[in-house]
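**Student:** Sharing a structure here in structure tokens format.
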Amino acid sequence: MTSQTHPVDHELIEAAAHVARSRCRGDNHTMAAAARARDGRIVTAVNAYHFTGGPCAELVVVGAAAAQGVYELETIVAVGDRERGVVPPCGRCRQVLLDYFPGLRVIVGDGDRVRAVPVADLLPETYVWADHQLDAG
Ligand SMILES: [Zn+2]
């Protein structure tokens, strides 16, 4: 596997950290995510926790972006409340992000180990949904 890394979008991390500090409340909203659109815009969101499977902040940000007409995301990061810093995406989010945005970069790590990696690097030997549809080549 390649361990390709890209320059880290620190403005994006700060956008997510700001939302985490200012908008997360109680047990329902504990994570914030920020995504950089291809056109440079930043879209932010928080998770909507529920025991039935409420969406993570990364998935809410995908929907929030679409609601603003943004369908191409280049980079995403999630930051925890209570100053937890950058939090890597869970397995479900990794799969969704790969299927929606195969070229997406995900910011992971913390402190001086923070880095941007291709989403595919977070899912080795992955199942690719599009490859298994009836119209797949
Ligand atoms: Zn998740």
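The values are calculated or read from the model by the stated rules, or taken from the named source; none is laboratory data. What you see is a predicted model, and the numbers here were worked out from it, not measured in a lab. Every residue, glycine as well, gets a Cβ built from its backbone with ideal geometry; the counts of neighbours run over all protein chains shown. Areas reflect the complete protein model, heavy atoms only, side chains present, ligands, DNA and RNA absent. Shrake-Rupley method; radii C 1.70, N 1.55, O 1.52, S 1.80 Å.
**Student:** Any idea which of (1) open to solvent by 30 Å² or more (accessible area, probe 1.4 Å); (2) assigned to a helix (DSSP H, G or I) is the one TYR49 doesn't satisfy?
**Tutor:** Looking at each condition in turn, TYR49 falls short on (2).
**Student:** Please identify the pairs in which a residue from region 107-135 that is closer than 15 Å to CYS93 by Cα has its Cβ atom under 8 Å from the Cβ atom of a residue that is open to solvent by 50 Å² or more (accessible area, probe 1.4 Å) and among the aliphatic types (A, V, I, L, M), counting only partners at least 6 apart or on another chain.
**Tutor:** Cβ pairs passing all conditions: ASP121/MET1; PRO124/MET1.
**Student:** Mind checking which residues of region 121-136 are open to solvent by less than 50 Å² (accessible area, probe 1.4 Å), modelled with pLDDT of 90 or more and out of contact with any strand residue (DSSP E or B) (no Cβ under 8 Å at 6 or more places or on another chain)?
**Tutor:** ASP121, LEU123 - these are the residues of region 121-136 that are open to solvent by less than 50 Å² (accessible area, probe 1.4 Å), modelled with pLDDT of 90 or more and out of contact with any strand residue (DSSP E or B) (no Cβ under 8 Å at 6 or more places or on another chain).
**Student:** Exactly one condition in (1) without any contact (Cβ under 8 Å) to a residue 12 or more places away in the chain; (2) open to solvent by 90 Å² or more (accessible area, probe 1.4 Å) is not met by GLY40; state its number.
**Tutor:** (2)
**Student:** Additional query: Quick one: how many residues across region 110-120 are modelled with pLDDT of 95 or more and either under 19 Å from GLU11 (Cβ atoms) or within 15 Å of the ligand (Cβ to nearest atom) (or both)?
**Tutor:** Total meeting the criteria: 5.
**Student:** Among the numbered conditions (1) open to solvent by 40 Å² or more (accessible area, probe 1.4 Å); (2) within 25 Å of ARG113 (Cβ to Cβ), tell me where ARG25 comes up short.
**Tutor:** (2)
**Student:** Considering region 73-97 alone, what residues qualify as being open to solvent by 60 Å² or more (accessible area, probe 1.4 Å) and within 9 Å of the ligand (Cβ to nearest atom)?
**Tutor:** Across region 73-97, the qualifying residue is only ARG92.
**Student:** Taking the condition under 25 Å from ALA130 (Cβ atoms) and either at pLDDT below 95 or more than 11 Å from the chain's Cα centre (by Cα) (or both), does TYR71 pass?
**Tutor:** Yes: the conditions hold for TYR71.
**Student:** Quick check on region 52-72: of everything there that is within 15 Å of the ligand (Cβ to nearest atom) and not in a helix (DSSP H, G or I), which residue is surrounded by the most Cβ atoms within 10 Å (Cβ to Cβ)?
**Tutor:** Ranking the candidates gives CYS56 first.
**Student:** Only one of these is away from the ligand (no atom under 16 Å from the Cβ) and of a type in the set (Ser, Thr, Tyr): TYR127, TYR100. Name it.
**Tutor:** So the residue among TYR127, TYR100 that is away from the ligand (no atom under 16 Å from the Cβ) and of a type in the set (Ser, Thr, Tyr) is TYR127.
**Student:** I'd like to check something: does region 2-14 contain any residue that is within 15 Å of the ligand (Cβ to nearest atom), under 16 Å from the mean Cα position of the chain (by Cα) and either at pLDDT 95 or above or under 23 Å from LEU123 (Cα atoms) (or both)?
**Tutor:** No, that holds for no residue.
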